[in-house]
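Just below is one structure, and these are the notes that go with it.
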């Protein structure tokens, strides 16, 4: 019997059990990876050629007291193994050290900036899926037409796009030449928005500054989101086209057509549902690309997120921030992959219990 | 005979063929840079700052693509930049190819704890977004072109190891390997002389795609100020320099990025074409 890829004919309880087992298994598997990443993050400071303390104090010239304090702050005055266990046990309690630059806890700095990156990434993915799937469907349906060639050519270029350049080009066209969008930041300096959720689009609604502030936040978001969504958009459009073309060859599509259903009805109701599985896989794979892209996009648009923060801290040699940021980024990636896996199992019953 | 068949299969893909032509020309230009470039890339021409391209009003026929903010010829810098970028790509691919093939072969051939140790390492490298991983490596080694090459190679390594390992596993299961073992051949001999040559198809494809990733990531590092350092005529560095002049000198922003895009696109198309020609099953 051919199973339908969505829930139907499957008990919810069975699904919940499978998902629970999957999460448990994946968590166990990710422990060694996390240990490895923590080791890398930990050794980072210690790998730097020369004395990191002198490196950090170098420009100002170090008094012996300052030197000792800095060394203690970085935890470099104890034996290496002890240092590592100290680092891990503190990290488990949410203490990732103090930023040398801002003198604030690394975890606080991270949490302040994280929502900005999530907001940007979500809107970028949203745009990629919203535009990519219809473009892919139309390209598949109008196979070998000029439209198909245009979309696939565009997808090929989009997939190879150096997005740091793409961002500059869009700024050149839309901000500098046409004056439609602002160049940088999250919102106009006219507004003072209370960061309740950290998501500017939500916060502007809650703030009472009203529609104008929301519009300002949206205008600031559009270009970075389009830039960040470019590579996922290309990947989604390509995958939608190819998996839809494959599905459209199946017998049941012909049967549905023979029953007298309209062509687009068959495409959207019957074909797309089955074509969705590889599309979801691509969306999942693209999350990594979005995190990478965020680092570049945030730098171009001065978007106050994680990416810009990490790049700045590397330039400023703020090692506690690099160390903590790397660990937190790895945790985010592992968590996101877990969510994608779970979604995949929900959508595709054939995969259940196999991963 | 075999090569002729491959070449014919490859030629059917017009995009890949065109890419090969474009890349060949670019390589030639890069190699012959001192003779092809109209000016020295570092030479500062007095009194011609921010000159627009020759076809625009105010342009000068001596500077086809205009000059930058301190009067250097943009075209010459792009031509020398091709040297840097293609060289970086070649070095990254050589590094990842040697280490990736070695580790992938070890993991796939011997299995057991060797395999799981290598795979764990791959997992760790893959749990960081690629640019972040490169940034971390640069943070340790310090920003320079050489360190950027090392960083980008580290980033490219995991996917390479995985692909080599997977194809080694597939080859190892074939009867000819058992036959060679029964002849009493040593592990090293079987792994290198028998298995590796049969895994060449995916390795070649991955190496081609590795070029595009390597060039793209190295340019991104240069752009972030963590790769090649000014005044090196590197495309990413040129873009980053041009950022401040985006309102006045569009050619400084568009040209280097266009070069990166064309090279990356060509390597991607070439990789796709090679994959279709070498291994129709992978299509």
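A short reminder: the numbers here are calculations on the coordinates, not readings from a lab. None of these values were measured; they are calculated from a predicted model. No Cβ is skipped: glycine too gets one built from the backbone with ideal geometry, and neighbour counts run over all protein chains shown.
Angle of helix B:200-223 to the longest C-alpha principal axis of chain B, folded into 0 to 90 degrees and rounded to 10: 30°.
With coordinates expressed along the principal axes, the C-alpha atoms belonging to the range B:2-282 extend over 77, 46, 27 Å, beginning with the largest. Within the protein assembly as shown, all pairs of alpha-carbon atoms sorted by distance into 20 Å bins from zero give the percentages 16, 49, 31, 4, 0.
So for chain B, averaging the separation of alpha carbon pairs under 8 Å that are six or more residues apart and normalising by length, what relative contact order in percent results?
Relative CO of chain B lands at 24 percent.
Mind running the shape call on the range B:159-263? Use the C-alpha gyration tensor, a ≥ b ≥ c as the square roots of the eigenvalues: rounded below 1.5 for a/c, prolate if a/b tops b/c, oblate otherwise. Judged from the Cα gyration tensor, the range B:159-263 comes out prolate (a/c at least 1.5, a/b above b/c). Among the residues of B:138-146, the average count of other protein chain beta-carbon atoms within 10 Å of the residue beta-carbon is 4. When chain A is treated as a GNM with alpha-carbon contacts under 10 Å, the residue of A:148, A:112, A:194 showing the greatest mean-square fluctuation is A:194. Taking a ≥ b ≥ c as the square roots of the eigenvalues of the Cα gyration tensor, the range B:223-263 is oblate, since a/c reaches 1.5 or more and a/b is not larger than b/c.
Structure remark: mean-square fluctuation, Gaussian network model of chain B, C-alpha springs under 10 Å; the largest value among B:200, B:56, B:255 belongs to B:56. By how many degrees, between 0 and 90 and to the nearest 10, does the Cα long axis of helix A:12-47 differ from the longest principal axis of chain A? That helix lies at roughly 40 degrees to the long axis.
Need one word for the range A:256-355: rounded, prolate or oblate. Basis is the Cα gyration tensor (sqrt eigenvalues a ≥ b ≥ c); a/c below 1.5 gives rounded, then a/b vs b/c decides. Oblate shape, in that a/c is at least 1.5 and b/c is the bigger or equal ratio.
To the nearest 10 degrees, how steeply does helix B:112-126 sit against the main Cα axis of chain B, on a 0 to 90 scale? It works out to around 20 degrees.
For chain A, what does -39500 (n - 2.57) per DSSP helix run (n ≥ 4), summed and divided by total residues, give at 222 nm, in deg cm²/dmol to the nearest 500? Computed ellipticity for chain A at 222 nm equals -23500 deg cm²/dmol. The value for the range A:59-119 of Rg(Cα) / (2.2 N^0.38 Å) is 1.37.
Would you look at the GNM of chain A, springs on alpha carbons closer than 10 Å, and say which of A:77, A:318, A:95 moves the most? The residue that fluctuates most here is A:77.
With a 10 Å cut-off around each Cβ of B:256-269, the average count of Cβ atoms from other chains is 4.
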